[in-house]
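Every number here is computed from the coordinates shown, using simple stated rules; none is lab data. From a predicted model like this one, the values you see are computed outputs, not experimental measurements. Cβ sites come from the backbone with ideal geometry, for glycine too, and all protein chains shown count toward neighbours.
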Amino acid sequence: MIGVACQTGQEPIVEEFFEFFKTPWEFYRPDRAYPVLVSTRGPLEDSQAQIVILYGSASSDEFAGELPDCSTEGRLVDCGDVRIPIYGKLLTFGCDCEPLVRLHGSSVAVAFESASSPVKVLCVGYDLFEEVRFLLSRGQTLRNALSPTLEIHASMLRNWILAAGIPVVEIPSVPAGYDFITCLTHDVDFVRIKDHKLDHTMLGFIQRASVGSLRQLARGEMSWRHFAENIKALLSLPAVLLGISKDFWFQDFDRFLELERGLKATFFFIPFRNRPGDKVSRPHSKRRAAAYDVTKERKLLLGLKTAGNEIGVHGIDAWHSADKGREERRRIAETAGSSSVGVRMHWLCFDPSSPRLLEEAGFQYDSTVGYNETVGYRAGTLQVFRPWGASTLLELPLHIQDTALFYKGHLGLTKDRAWKLCEVLVNNAARYGGVLTVVWHTRSLAPERLWGDFYARLLETIKTHRVWFGTAGQVVEWFRARRALSFQHVEFTKEHVRVAIGHEGPDKPNLVLRIHAPNKSVRDIPWTGEPLMEIPVGWMRRI
């Protein structure tokens, strides 16, 4: 059991952190003895812990010096071979000690083990819970997008406890039998190219399919096969507009069903035609408006649902208005015949009040927190979390977006460079667990984008791991069930570990009890709903 002594006002963020690192803990009580004590309010008298971890100003002593706040970009520190950004105030220590954490590229200590106490005491020069608050409320800037920062914080704390000779019990962020979760999503900004009559979308397609394709071919950025596909689509455009030939953008729905056969995905549809939305200060905000009427696409939505997919809202104004959010939710729910609907905002519009407003509008989850300009971890995590300001709404973070990878105004990468970034994200998912969320827009498989080969390769690579593919709603509900679980009691004896588990949810999710031994052995035991588990621990003593 970890005892946590935090500063006043940090209690909600402490509770959220231990939903990520789901291990037995409670707020510090002076009448209790804890094997592990974590404090951001300084040393505590009469504590009988085996290890005390002092974070932030709690670490201040005669060796410490404070570096200026660097919360805009973060200051990099190294823990072994892992690099992590720190966004708040940072202490460094000038003592003659071996650093546990050091400033990146230097030998200056940011965390060290104090030798002045019979108890094992770690002094860490940043406030863990303020770092978590920053990640979940403001999020990481582009510079640190590839850092799963919150997962690294949890991993560091776990490793320090194990290094003190104390076993760790937790519920990992993956279902039993899997390495990680993948959530495939598709934002439906366009349905048919023939919905566009010489507007900016049509003119842009013509330019990119003709002159743009020729330039890419000359630079070696496009194959002859893709060049021919674009020219063929361009020449067929009059017949498509007259209804003689099939609409190559609309065919993407069938292509996705084929690529994702046996998997599940979530399609986010825009609820109203010709509504660009309000309060969007970005250039060309009028272009947010959809050219399709979702109520006339009921057959399409029901067909996607019949194939096992989910329908969600690609919201326009829900991020700043609960009333408009309710209107958008009802529109999609009635068209798709769904009672529970999630949302992702069009153009990823969001502000600090959005979680509360989306919750008031009746959405079960949101999946907007991500980047338009790059790929990675805006909230620093692969886990579903409760966003700041919400009570019931959960956030499914977004990690990989096709347009962020390939659009010239964003990363504008070649396929090879884009693949290297995606490999990093897939490998992080395999290492830390959680959910990897992907958005591949409809029309992205068709001319002139032709990003289908890359998407197929990404799916095949993900499938080389043990992965559960779930719709956004299914993934969020799995995490909600995990959050409903609590540790009532954990006791280690010479022969067994006894774990009492409480679960408030009606179902028994596919959860795992994971036991880490100090000798680095790990044992996973599927939890099937038992309120009390007794596991032999002889394996923990074998090295």
Completion exercise
The answer for V121, listing residues at least 5 apart or on another chain whose modeled amide H is closer than 5 Å to its amide H, is V52, S114
Handout entry: Selection from N230, L44, L242, by position along the positive dipole direction of the chain (Cβ)
Key = L242
Exercise for the section: Might you report the magnitude of the Cβ-based charge dipole of the chain about its Cα centre, with Lys and Arg at +1 and Asp and Glu at -1, to the nearest 20 debye? Expected result: 2080
Exercise for the section: Quick one: dipole size for segment 196-246, taken about the Cα centre, charges +1 on Lys/Arg Cβ and -1 on Asp/Glu Cβ, in debye to the nearest 20. Expected result: 60
Practice task
Can you grab the distance from the C-alpha centre of segment 336-359 to the C-alpha centre of segment 232-288, Å, no decimals?
Solution key: 20
Problem - For Cα extents along the principal axes in Å, calculated from these coordinates, the label among (1) 85, 71, 57; (2) 70, 65, 57; (3) 83, 50, 46 - result: (3)
Exercise for the section: Among DSSP beta bridges lying fully in the chain, give the percent that are antiparallel, nearest 5. Expected result: 50
Problem - Within the chain, helix-based [θ] at 222 nm, where runs of 4 or more DSSP H residues each add -39,500 (n - 2.57), nearest 500 - result: -8500 deg cm²/dmol
Fill in the blank from the handout: Final fewest-first order of I152, I400 on the 10 Å Cβ neighbour count is I152, I400
Practice task
Mind scanning K232/K299; K246/K305; K279/K420; K22/K120; K264/K324; K420/K463 and naming the pairs with a C-alpha gap bigger than 25 Å?
Solution key: K232/K299; K279/K420; K264/K324
Handout entry: Mean separation of Cα contacts under 8 Å, 6 or more apart, over the residue count of segment 484-541: relative contact order %
Key = 36
Practice task
Pick out, in residue order, every one of the trypsin sites (Lys or Arg not before Pro) in segment 6-59 that is DSSP loop and has at most 14 other C-beta atoms within 10 Å; say none if there are none.
Solution key: R32
Exercise for the section: Compute the distribution of all C-alpha to C-alpha distances in segment 2-170, in bins of 5 Å from 0, and list the percent of pairs in each, rounded to whole numbers. Expected result: 2, 8, 19, 23, 23, 16, 8, 2, 0, 0
Completion exercise
Mean separation of Cα contacts under 8 Å (at least 6 apart) over the residue count of the chain, i.e. the relative contact order in percent, is 15
Exercise for the section: Starting with the fewest neighbours, write out S107, S236 ranked by other beta-carbon atoms found within 10 Å of each beta-carbon. Expected result: S107, S236
Handout entry: Where N is the number of residues in segment 326-374, Cα Rg divided by 2.2 N^0.38 Å
Key = 1.19
Handout entry: Per DSSP, loop trypsin sites (Lys or Arg not before Pro) in segment 275-376 with at most 16 further Cβ within 10 Å
Key = K279
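For a quick check: sort E26, E16 by the number of other beta carbons within 10 angstrom, fewest at the front.
Ascending number of Cβ neighbours within 10 Å: E26, E16.
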